[in-house]
Amino acid sequence: MTAFRPHPSALSLLLAAGVLLGLQACKSSPPAEPPKAQAPQAPEVDAVPLKAIQEGLRTQEVPAASTLQVWFPAEAAGDESARALLTAPVSGIIASAPAAPGRPLAKGAVLLTLRSPELAELKSRWLSAQARLKRAQADLAREQRLAAAQAGARRDLESAEAEQASASAEAESARISLQARGVTPDQADGTLILRAPSAGTVSAWKAQLGQGVAMNEELGAFQAASASLALVELPPPAPGAWKLGSRTTVRDEARTWHGEVVGLPSSMGDTTHRMTYRLRLSGAPLPLPGTPLEVQVPVGHGVLLPSSALQQIDGVWGVFLVDGDLARFRPVKRGPDVARDTLVLDALPAGARVVTDGAYLLKSKLMRLRSGGGDE
């Protein structure tokens, strides 16, 4: 078989077509552009020229950092065992104005007077039981004398013994009924005097003069005079050094107590946004409930600066430190507020100048600079 061989003229045509196709492809594909160089990002602005703020700035020197103990206001309070409900032992009508709430009272002081027909009925029942018992005792004594002389019937003696036992039980029941209502039979009449169970104060009344009350009805609340607790409300963050059993000092204008942490806050108050700690007092004689106190709180290691010095920018708290002709923003960790000051927990350079009054002007200017507003 003879091999196929293309004609020379056909081969020339194929080569020409290939060249034309290559030229067409070069025309349809534009040359690749070199990669563009990305512009460098400008560093974040953290300083403001002091000359940008003409007036209103005031600075102070940063003190050396230390472990701070700050006095916070507190209040003396009695624990649950020092509180008592005042109830009506018998039904009746309140016949005297209740003692003023909050006024210091001695143990046994009159709180209110209650006129009670029920109490009068109980006293009458006790008197009747006493009369019956006396008669039964006399009858039994007579029957015992007759029996000893063999002049009386055995049945009469047994009847007298049963009557004396019944009368004795009735008299005892009447006595217990009176004592259960807080009065002794000899002193009972139609009037009941409600007295203070201990030295203290009435914290609140639910009863008023002329009101009729039922037995066991709540009349008010009583607070014993000894306030064994101090309640202190602290702003966040919580003092890290305070745990159950931690000890500190509590004081008023004249006395000082040892305070032991016995209650930690479970949550922050909805209205006060503060955390309440309970401290058990010991040492000096205990104060009255409601007495203003002060508690020494370890707030942390750092420095106290005027609260006006701290500014928040983009969610970050910081201060402006003077750096030559600039006021440079320095982020810090903010601690609790103490009166008009704020604890800064970071180690700021001691001796540096920090802007206090007018720091908000620097904040406004810095935010404009960061947004591209430029220096005006």
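A few remarks follow.
- Only one of the listed residues (G92, G102) is buried (at least 17 other Cβ atoms within 10 Å of the Cβ) and not aliphatic (A, V, I, L, M). That residue is G92.
- Residue in region 164-192 that is surrounded by the most Cβ atoms within 10 Å (Cβ to Cβ), counting only those that are assigned to a loop (DSSP other than H, G, I, E, B) and in contact with a strand residue (DSSP E or B) (Cβ under 9 Å, 6 or more places away or on another chain): V183
- Against the numbered list (1) modelled with pLDDT under 90; (2) surrounded by fewer than 16 Cβ atoms within 10 Å (Cβ to Cβ); (3) assigned to a strand (DSSP E or B), D375 comes up short only at (3).
- Verdict on L244 being part of a loop (DSSP other than H, G, I, E, B) and at pLDDT 90 or above: yes
- Among residues of region 231-260 that are basic (K, R), those with a Cβ under 6 angstrom from a residue that is surrounded by fewer than 15 Cβ atoms within 10 Å (Cβ to Cβ) and assigned to a loop (DSSP other than H, G, I, E, B), sequence gap 6+ or separate chain, pair up as R255/A284.
- The combined condition, being loosely packed, with under 15 Cβ neighbours inside 10 Å and outside the structural domain of G210 (by TED's automatic domain parsing), is not fulfilled by L157.
- Where strands (runs of 3 or more DSSP E) fall wholly inside region 309-362, the ranges with 2 or more residues that are in contact with a strand residue (DSSP E or B) (Cβ under 7 Å, 6 or more places away or on another chain), over 21 Å from V297 (Cα atoms) and outside the structural domain of P239 (by TED's automatic domain parsing) are 311-313, 316-323, 326-331, 353-355.
- Search result, residues across region 69-89 that are touching a residue at least 12 places away in the same chain (Cβ under 8 Å), among the small types (G, A, S) and either within 14 Å of S198 (Cβ to Cβ) or loosely packed, with under 14 Cβ neighbours inside 10 Å (or both): G78, A82, A84
- With respect to the conditions (1) in contact with a strand residue (DSSP E or B) (Cβ under 6 Å, 6 or more places away or on another chain); (2) surrounded by fewer than 17 Cβ atoms within 10 Å (Cβ to Cβ); (3) outside any strand (DSSP E or B); (4) of a type in the set (A, V, I, L, M), M215 lacks only one, and its number is (1).
- Number of the condition not met by G302 [criteria: (1) surrounded by fewer than 21 Cβ atoms within 10 Å (Cβ to Cβ); (2) small (G, A, S); (3) touching a residue at least 12 places away in the same chain (Cβ under 8 Å); (4) more than 30 Å from K51 (Cα to Cα)]: (1)
- The set of residues in region 269-295 that are more than 22 Å from Q223 (Cα to Cα) and surrounded by 14 or more Cβ atoms within 10 Å (Cβ to Cβ) comprises R274, M275, V295.
- E161 vs. criteria assigned to a helix (DSSP H, G or I) and touching a Leu at 6+ places or on another chain (Cβ under 9 Å): yes
The values are calculated or read from the model by the stated rules, or taken from the named source; none is laboratory data. Every value quoted in this text rests on a predicted model; they were computed, and no experiment measured them. In this analysis, Cβ positions are derived from the backbone assuming ideal geometry, glycine residues included, and neighbour counts consider all displayed protein chains.
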